[in-house]
Amino acid sequence: MSSAHFVLNNVSYRYDEDAKPALNKVSFSVNKGEFVAVLGHNGSGKSTLAKLLNGLFLPSEGHILVSGMDTRDEQYTWDIRQKAGMVFQNPDNQIVATVVRDDVAFGMENIGVPSPQMPPRIDEALGAVGMLPFVDRAPHLLSGGQKQRVAIAGILAMHPEALILDEATAMLDPSGRKEVFDTVQRLNQEQGITVIWITHFMEEAAKSERVMVIHQGEVRMDGTPREVFAQGETLRSFRLDVPPMALLSEELRGRGIDLPPDILTVEDMEREVLARCR
Ligand SMILES: Nc1ncnc2c1ncn2[C@@H]1O[C@H](COP(=O)(O)OP(=O)(O)O)[C@@H](O)[C@H]1O
Ligand SMILES: [Mg+2]
């Protein structure tokens, strides 16, 4: 058995028949348990891709297989949506109830989980995102990062195999961003959930296993963070940047400070700086 979770074969998507395709002949696959960051400037096709991956949109051309199921085959639509949960940018738009517990239960209600099974699944999901102490709180009073973690819990309670997060940290402050990213990274590592992490924060992409860059509806780069961020010129041509810590280390190296060329994250820089303080 192949371990492919998502397989895209020559996928194009058009919103209008005459318009330029929002995605143009895209092919790639993502294995089960991978953590893939998807980068791209506004309008590059990231959200379109997200909606294709869980069968919300169907390809205008080509095929998408999710765990071997063709998204165009109607008998699988339900299964595919249930197994790939989506988290969106605005945490407020994802709140559906006045108490966290009910908010987390909402997705399970939609897929017909029997009521007696819900309480343990709610506890387990909230525990996994570190929000169990908030189970009786009002979601609208939580911070942005906490709201996103509740949204993620609502998906986890449905026992998904993949999480697709479409700029889930874009509206959060830096601590909220880190809180949500770390939570999702942990779910990936501990539970083997496949993650598609769409972002425009280079620092988040730098901490992923694999980075894909989309530009004008095409996948233009695909590799490890080190491979992708080594190509500053190419990234800039797609109106993207290298991560801040990579820039800083480049700057410092230019001033004669001996730093390795592969610093991408705050953690990498911290390690180098501390090594020099001993
Ligand atoms: N509902 C829509 N109707 C028509 N065109 C759309 C619609 N949504 C997105 N597009 C177009 O499709 C392209 C890709 O958009 P999108 O996937 O939202 O990009 P991103 O998420 O990377 O910003 C853009 O050119 C955008 O204008
Ligand atoms: Mg988008």
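The values are calculated or read from the model by the stated rules, or taken from the named source; none is laboratory data. What you see is a predicted model; the values in this text were computed from it and never measured. Methodologically, a virtual Cβ is constructed for each residue, glycine included, from the backbone with ideal geometry; neighbour enumeration extends over all protein chains shown. All accessible areas refer to the heavy atoms of the entire protein, side chains included, with ligands and DNA or RNA removed. Shrake-Rupley method; radii C 1.70, N 1.55, O 1.52, S 1.80 Å.
Summary table below
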item	result
The range 26-46, residues that are within 16 Å of ligand 2 (Cβ to nearest atom) and surrounded by fewer than 21 Cβ atoms within 10 Å (Cβ to Cβ)	His41, Asn42, Gly43
Sole residue being part of a loop (DSSP other than H, G, I, E, B), of a type outside the set (Gly, Ala, Ser) and farther than 26 Å from Arg186 by Cβ, chosen from Leu52, Leu65, Leu58	Leu58
Test set (1) over 19 Å from Thr169 (Cβ atoms); (2) free of Cβ contacts under 8 Å to residues at least 40 places away in the same chain; (3) surrounded by fewer than 22 Cβ atoms within 10 Å (Cβ to Cβ); (4) more than 16 Å from ligand 2 (Cβ to nearest atom) - Leu126 fails condition number	(3)
Checking Gly217 against (1) in contact with a Leu (Cβ under 8 Å, 6 or more places away or on another chain); (2) at negative phi; (3) crowded, with 19+ Cβ neighbours inside 10 Å, the condition it does not meet	(2)
Selected residue (only one of Gly85, Gly55, Gly33, Gly62 is small (Gly, Ala, Ser) and either in contact with a Gly (Cβ under 6 Å, 6 or more places away or on another chain) or within 12 Å of ligand 1 (Cβ to nearest atom) (or both))	Gly33
Tally of residues being under 18 Å from Gly217 (Cα atoms), open to solvent by less than 50 Å² (accessible area, probe 1.4 Å) and away from ligand 2 (no atom under 15 Å from the Cβ) across the range 56-78	3
Condition check for Gly217: closer than 25 Å to Arg271 by Cα, of a type in the set (Gly, Ala, Ser) and at pLDDT 95 or above	no
Hits in the range 89-107 (condition: hydrophobic (A, V, I, L, M, F, W, C), under 24 Å from Glu167 (Cα atoms) and in contact (Cβ under 8 Å) with a residue 12 or more places away in the chain)	Ile95, Ala97, Val100, Val104, Ala105, Phe106
